[in-house]
Amino acid sequence: MRAIASRRERFEADGFLVLPGFASSQSIAALRARATEIVAAFDPSESRTIFTTRDESTKADRYFLTSGDKIRCFFEEGSFDAGGELRQPKALSINKIGHAMHDLDPIFSRFSHDPRLQQLAFELGAWEPRVYQSMYIFKQPHIGSEVRWHQDATYFVTDPISVTGLWFALEPADRRNGCLWVQPGGHRTPLRQRFEVDGSGSRLTTLDATPWPAAAAAVPLEVEAGTLVVLHGLLPHYSAPNRSPLSRHAYSLHYVDGKSVYAPTNWLQRPPAFPARPFAGRA
Ligand code: FE2
């Protein structure tokens, strides 16, 4: 009888892994409570930036582009009315928190710097995993917007490509509330786009005209709270809008291999005094 494939074999074959039961209910509760506190302390007048992947060039403004070493809240698209007032309570209007709470916030840091994640990154082939980004994603009931087909390597270009996404379900995710959809094996397709920032601003450049997968090629990842989904940086994935009355909270981390060259035009740059750290152990 054939042995059960290892995590690395499955990851290399499919471009993703689904690992149920990774996060305990206690750790999930701690992250959710902390996210609630961060949003409660957030002053909406600080920024009315609306995060959307639909028009990167105009919406990826300074507030977003300078958030790589900070903890900031980003509003859901359509949160404000024509008069600039929130249509619903602030706590139900935030799209996400990002992008450095894994280093700056003690609760998120403890969760993010778990030796099991270091072990997993080694097992999947990284030599020197460095955690560049964290996001708390709310996918709010009724208004949680879609995230269209993309490859995470578009936003984290390294040579060779090494970015890997870790996506932790903090609530059950299914087709009703906007779960992840992936193209199994799609990590063997080329990098289609590259998001770059330089002195003249930000832009999304097409590198390869390979179309996004047909709907029939997409598989929904319906998972329980506590599940860890690992995504290869080239794996096409998306999530549909959340039209349901249920939220779909998730926490995500992105790491790259310190052995690869991190593009100076990536939007997220860490200052030398605040380097991206490994999951565990010494920097
Ligand atoms: Fe993604």
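Would you say Val131 is more than 14 Å from the ligand (Cβ to nearest atom), within 22 Å of Thr265 (Cβ to Cβ), buried (at least 18 other Cβ atoms within 10 Å of the Cβ) and of a type outside the set (Lys, Arg)?
yes
Scan (1) assigned to a strand (DSSP E or B); (2) more than 16 Å from the ligand (Cβ to nearest atom) for the single condition Phe168 breaks and write down its number.
Going through the list (1) assigned to a strand (DSSP E or B); (2) more than 16 Å from the ligand (Cβ to nearest atom), Phe168 breaks only (2).
Among (1) away from the ligand (no atom under 14 Å from the Cβ); (2) farther than 16 Å from His232 by Cα, there is one condition Gly125 misses while meeting the rest; what is its number?
(2)
Are any residues in the stretch 134-161 under 15 Å from the mean Cα position of the chain (by Cα) and either more than 16 Å from the ligand (Cβ to nearest atom) or polar (S, T, N, Q) (or both), and if so, which ones?
Once the filter is applied, which keeps residues that are under 15 Å from the mean Cα position of the chain (by Cα) and either more than 16 Å from the ligand (Cβ to nearest atom) or polar (S, T, N, Q) (or both), the stretch 134-161 yields Ser134, Ser145, Gln151, Thr154.
When you scan the stretch 199-278 for strands (runs of 3 or more DSSP E) that lie fully inside it, which ones turn up with 1 or more residues that are over 26 Å from Arg176 (Cα atoms)? Explain how you work it out, then say what you get.
Values: elements: 201-206, 219-221, 228-232, 237-239, 250-257.
Because the criterion is at least 1 residues that are over 26 Å from Arg176 (Cα atoms), the strands (runs of 3 or more DSSP E) in the stretch 199-278 that meet it are 201-206, 250-257.
Inside the stretch 38-63, can you point out the residues that are at pLDDT 70 or above and either out of contact with any Ser or Thr (no Cβ under 7 Å at 6 or more places or on another chain) or not in a helix (DSSP H, G or I) (or both)?
Listed by number, the residues that qualify are Ile38, Val39, Ala40, Ala41, Phe42, Asp43, Pro44, Ser45, Asp61, Arg62.
List every residue pair whose Cβ atoms lie under 9 Å apart, where the two residues are 6 or more positions apart in sequence or sit on different chains, the first residue falls within the stretch 137-151 and is closer than 10 Å to Leu246 by Cβ, and the second residue, located anywhere, is of a type outside the set (Val, Ile, Thr) and within 10 Å of the ligand (Cβ to nearest atom).
From the stretch 137-151, the pairs are Lys139/Ser239; Gly144/Ser239.
May I ask you to say which residue of Ala214, Ala209, Ala225 is surrounded by 15 or more Cβ atoms within 10 Å (Cβ to Cβ) and small (Gly, Ala, Ser)? Explain how you work it out, then say what you get.
On the way: Ala214 fails: surrounded by 15 or more Cβ atoms within 10 Å (Cβ to Cβ); Ala209 fails: surrounded by 15 or more Cβ atoms within 10 Å (Cβ to Cβ).
The unique qualifying residue is Ala225.
Scan the stretch 185-226 for residues that are more than 16 Å from the ligand (Cβ to nearest atom), of a type in the set (S, T, N, Q) and touching a residue at least 24 places away in the same chain (Cβ under 8 Å) and report the count.
1
Quick one: how many residues across the stretch 64-79 are crowded, with 16+ Cβ neighbours inside 10 Å and not in a loop (DSSP other than H, G, I, E, B)?
6
Considering only residues that are surrounded by 19 or more Cβ atoms within 10 Å (Cβ to Cβ) and of a type in the set (Lys, Arg), look in the stretch 164-194 and name the one that is farthest from Ser134 (Cα to Cα).
The extreme case among them is Arg192.
Just a yes or no: is a residue in the stretch 245-253 more than 16 Å from the ligand (Cβ to nearest atom), of a type in the set (D, E, K, R), in contact (Cβ under 8 Å) with a residue 12 or more places away in the chain and buried (at least 17 other Cβ atoms within 10 Å of the Cβ)?
no
With the condition kept exactly as written, say whether any residue in the stretch 80-94 is within 17 Å of the chain's Cα centre (by Cα), in contact (Cβ under 8 Å) with a residue 24 or more places away in the chain and surrounded by 18 or more Cβ atoms within 10 Å (Cβ to Cβ).
The first filter runs over the stretch 80-94 and keeps only residues within 17 Å of the chain's Cα centre (by Cα), leaving 94.
From the residues that got through so far, the ones that are in contact (Cβ under 8 Å) with a residue 24 or more places away in the chain too are 94.
Then drop every residue that is not surrounded by 18 or more Cβ atoms within 10 Å (Cβ to Cβ), which leaves 94.
Within the stretch 80-94, one or more residues are within 17 Å of the chain's Cα centre (by Cα), in contact (Cβ under 8 Å) with a residue 24 or more places away in the chain and surrounded by 18 or more Cβ atoms within 10 Å (Cβ to Cβ).
The values are calculated or read from the model by the stated rules, or taken from the named source; none is laboratory data. Keep in mind the model is a prediction, meaning the values are calculated, not measured. Note that each Cβ is placed from the backbone with ideal geometry, even for glycine, and that neighbours are counted across all protein chains shown.
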